[in-house]
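All of the numbers you see were taken from the coordinates with simple rules; none came from a lab. As the structure is a computational prediction, the values presented were derived from the model and not from experiment. So basically every Cβ, Gly included, is an ideal-geometry build from the backbone, and we count neighbours across all protein chains shown.
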Ligand SMILES: [Zn+2]
């Protein structure tokens with residue numbers, strides 16, 4: 001064994017040090033899930049979008065409204081992007097959401113926006129897959145680990161060309177919704193929330209794995225929009241993500257997005273969270 005990788009005498013003691021949670025969530029603003037549910041109970045459906053299989057669609061959700069993503073026809077994973085509808089520079093921050101809430105999100109967790117905004121832009125208020133918990137492989141649903149399937153990684157690993165990866169689907173949907181040229185729209189597409197996707201890390205090698213999603217038609221994940229949102233959802237070409245993506249091989253199904261308007265007055269004195277109050281001087285003053 002070389003000098004550089006010799007096991008130290010106190011290796012066991014060092015490994016035995018207890019971990020600490022990076023971001024204890026008791027520092028986060030409290031989430032009153034019952035208050036959300038009470039507003040939702042009297043909300044009424046405002047609009048609906050069907051996302052075709054292996055494609056994406058954009059949708060708008062005004063602040064204080066709810067949106068629900070539902071599996072229809074067959075098991076299907078969705079890749080979700082969210083932006084501030086008035087400022088595309090403020091978008092969902094998968095990495096910090098993961099750091100704050102964990103590898104997978106559920107009821108009461110927030111979707112946070114990127115720096116320098118860093119505020120909750122959506123809150124998970126209902127999840128019919130909450131029963132799934134953690135399976136024997138360490139798999140959970142609704143991950144903020146994976147990035148999105150994309151044609152560049154596909155090219156890197158296989159040399160092939162495929163145009164219906166979630167990255168391309170989201171790019172086309174954003175371009176169609178905003179009128180931005182395709183190459184500019186692409187730059188706004190970001191790491192996703194993998195709705196209904198069942199994933200984890202292997203215990204032995206720490207590799208990212210996926211397995212057939214437990215989602216079935218009728219299952220849904222529902223959110224409260226904390227700010228005016230522009231969303232885009234891709235029905236991943238991986239289908240239920242049990243085998244492969246970046247091809248037309250897997251059976252794929254549409255997804256439904258519904259938006260619900262709160263009853264007038266039901267939000268009472270609720271208002272959108274403010275952007276982060278850090279002064280952005282970065283030590284220069
Ligand atoms: Zn995908």
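Taking one quarter of the surface of the C-alpha convex hull of segment 178-285 gives a mean projected area of 13.4 nm². On the principal axes of its alpha-carbon atoms, the chain has extents of 70, 50, 44 Å, going from largest to smallest. Computed over segment 2-89, the range of Cα coordinates on each principal axis works out to 65, 36, 32 Å, biggest value leading.
Between segment 121-156 and segment 18-65, the C-alpha centres lie 15 angstrom from each other.
Once the Cβ-Cβ distance of residue 25 and residue 72 is raised to the sixth power relative to R0 = 41 Å, the FRET efficiency obtained is 0.80.
Using the Stokes-Einstein relation with a Kirkwood hydrodynamic radius computed over Cα pairs, the translational diffusion coefficient of segment 52-203 at 10 °C and a viscosity of 1.306 mPa s comes to 97 µm²/s. The slack between residue 44 and residue 153, meaning 0.36 nm per residue of separation minus the straight C-alpha distance, is 35.1 nm. In the chain, the calculated helix contribution to ellipticity at 222 nm averages -5000 deg cm²/dmol per residue, counting -39,500 (n - 2.57) for every DSSP H run with n ≥ 4. Residue ranges 178-188, 158-168, 116-126, 231-241 sort as 231-241, 116-126, 158-168, 178-188 when ordered by packing (mean number of other C-beta atoms within 10 Å per residue, highest first).
Among 150-156, 135-141, 195-201, 217-223, sorting by the average number of other beta carbon atoms lying within 10 angstrom of each residue, highest first, gives 195-201, 217-223, 135-141, 150-156. Just checking the listed ones, 37, 91, 148: in the Gaussian network model of the chain with Cα springs under 10 Å, the one fluctuating most is 37. The stretch between residue 203 and residue 11, if pulled fully straight at 0.36 nm per residue, gains 67.1 nm over its current Cα-Cα span.
Between 51, 107, 17, the GNM of the chain built on Cα springs shorter than 10 angstrom shows 17 fluctuating the most.
Computed from the C-alpha gyration tensor, the three semi-axes of the ellipsoid equivalent to segment 119-170 are 29, 17, 9 Å, from longest to shortest.
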